[in-house]
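Only one structure is covered here, and it is reproduced in the block below.
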Amino acid sequence: MNKVLITNGHIIDPANGINRVGDLYISDGKIEKIDLDAQGRKHVDDLEVIDATGLIVAPGLIDIHVHLREPGQSAKETIATGTNAAAAGGFTTVVCMPNTSPAADSPSVVALIREKAATESCINVYTTGAITKNIAGEELAPIGSMHKAGIVALTDDGHCVQNHELMRRALEYARMFGLPVMDHCQDYNLVGKGVMHEGYWSTVLGLPGWPSAGEEIIVQRNILLAELCDTHIHCQHLSAAGSVRLLRAAHTRGIKISGEICPHHIALTDESIQGFDTNFKMNPPLRTQDDVDALIEGIVDRTVTILASDHAPHCNYEKEVEFDMAPFGIVGLETELGLFIDILVHKKKAIDIAHLIELYTINPARLLKLDRGTLSPGAIADVTLIDPDLEWTVDKNTFASRSRNTPFHGWNLKGRAVRTIVTGKTVWALS
Ligand SMILES: [Zn+2]
């Protein structure tokens, strides 16, 4: 039996309203209790003691939007390298997207990913299934059999189902199996060949624009369909101020709709594309300072309840092309926590660290019905130790990820994870 005592840490467990200094006792991979008394400690043999003085002891962090690229694109990332990157970012659980090659649109591909993850990953990996076959937006994937194979949600991420009637059918099937549907919100006709936010800078730089309305119109579509089908829809990687306003209004009417925000959409604006560096090319794109302010406001008032990376590894040779030609996306697992703590907690003083931890633990766990994200006695002992004041510099050359496509190389950040514990075992610690 492995027994671990994490002493003198600042324990923050939003699910149970715990926010105080104490000791956390882990026994046999489960949370035993908080505050093991000194008398009890003496009677425990082979106790591993971890001194957490000055550190935050949080439930293991969960990132529900990660591209692990396996099967089919292991030059960019593998399940092994991607989950090592997650552990180094403080994540004990990731949810991987189905746009692999072949796509996770059948029980056999879902089973393949789950089997590989079970043997090659040091953290928990949950899988999603595609809404449509080959993520082509034309014909529904076998939702029932993928549910049986163990998916936790449906999404066509990277793509967006344009046919509203087909999306309605998907929601009706999802509801039968209690599966949440996650959506990458993009109207293809409005967005066209857009590669950056449509506005002042796209005009100056002469690049095709991706208007905010191209996202907002699908967010509104999802609100209408969530109401019609009484099924939860989670809007992925929101980038536009209008999307936050739409969610806020829908919540006042009790509609089952939620949203997530990625760090790059609050750390950067479209102005940073001036140098044509393709590491600033995202989908949805970086937008304006007004959008950044609105996204942060949405986090503050809990219109947006989840943070995620949209970790999207690409090889250097793919990104080292003209801006129009380059693939969208950046790696994020090893920088997201630092960026959010640095910006939201320290610089903007928008939220406190307990609120931030809620957005990475109990909220995503509840959305996807995962038995994770708390330090309740009896819960699986996934724990992340965080130093909220540690100053560090992002160095892409030290990433555990196989890819290096980040716009944050050389950034000085305050706050990061220092130890990642999965089922009571340390799988990564800052050296
Ligand atoms: Zn996406």
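No value in this document is a laboratory result; all are computed from the given coordinates. Quick caveat, the model's predicted, so the values are computed rather than measured. When we count neighbours, we look across all protein chains shown, and the Cβ atoms used for this are built from the backbone with ideal geometry, even at glycine.
Odds and ends about this structure:
- Coarse-grained scattering of the chain at q = 0.08, 0.11, 0.13 Å⁻¹, given as base-10 log I(q)/I(0) from a Debye sum over alpha-carbon atoms: -0.41, -0.80, -1.13
- Neighbour counting of Cβ atoms within 10 Å sorts the residues TYR360, TYR173, TYR317, TYR200, fewest neighbours leading, into TYR317, TYR200, TYR173, TYR360.
- Once the GluC sites (Glu not before Pro) in DSSP loops with at most 16 neighbouring Cβ atoms within 10 Å are cut out of the chain, the longest remaining piece is 140-319.
- Our helix-only sum for the chain, with -39,500 (n - 2.57) per DSSP H run of n ≥ 4 divided by its residues, gives a mean residue ellipticity at 222 nm of -8000 deg cm²/dmol.
- Taking packing as the residue-averaged number of other Cβ atoms within 10 angstrom, the listed peptides 146-154, 18-26 run from highest to lowest as 146-154, 18-26.
- Cross-link table LYS116/LYS369; LYS281/LYS396; LYS116/LYS148; LYS76/LYS396; LYS349/LYS425; LYS348/LYS369, entries beyond 24 Å C-alpha to C-alpha: LYS349/LYS425; LYS348/LYS369
- Proximity of backbone amide H atoms, modeled 1.01 Å from N, is registered between LYS281 and GLY329 at under 5 Å, excluding neighbours fewer than 5 places apart on the same chain.
- Cα convex hull volume per residue for the stretch 367-431 (Å³): 142 Å³
- For the stretch 325-431, applying the loop criterion from DSSP together with a ceiling of 12 other beta carbons within 10 Å to the trypsin sites (Lys or Arg not before Pro) yields LYS349, LYS369.
- Short to long, the 10 Å bins of the Cα pair-distance histogram for the stretch 153-246 hold 17, 46, 26, 9, 2 percent of all pairs.
- Start at zero, step by 5 Å, and the Cα-Cα distances of the stretch 1-139 spread as 2, 10, 16, 16, 13, 11, 10, 9, 7, 4, 2, 1, 0 percent across the bins.
- Set of aspartates and glutamates near LYS133 by C-alpha distance (under 20 Å), chain-local residues within fewer than 8 positions excluded: GLU70, ASP105, ASP156, ASP157, GLU165, GLU172, ASP183, ASP187
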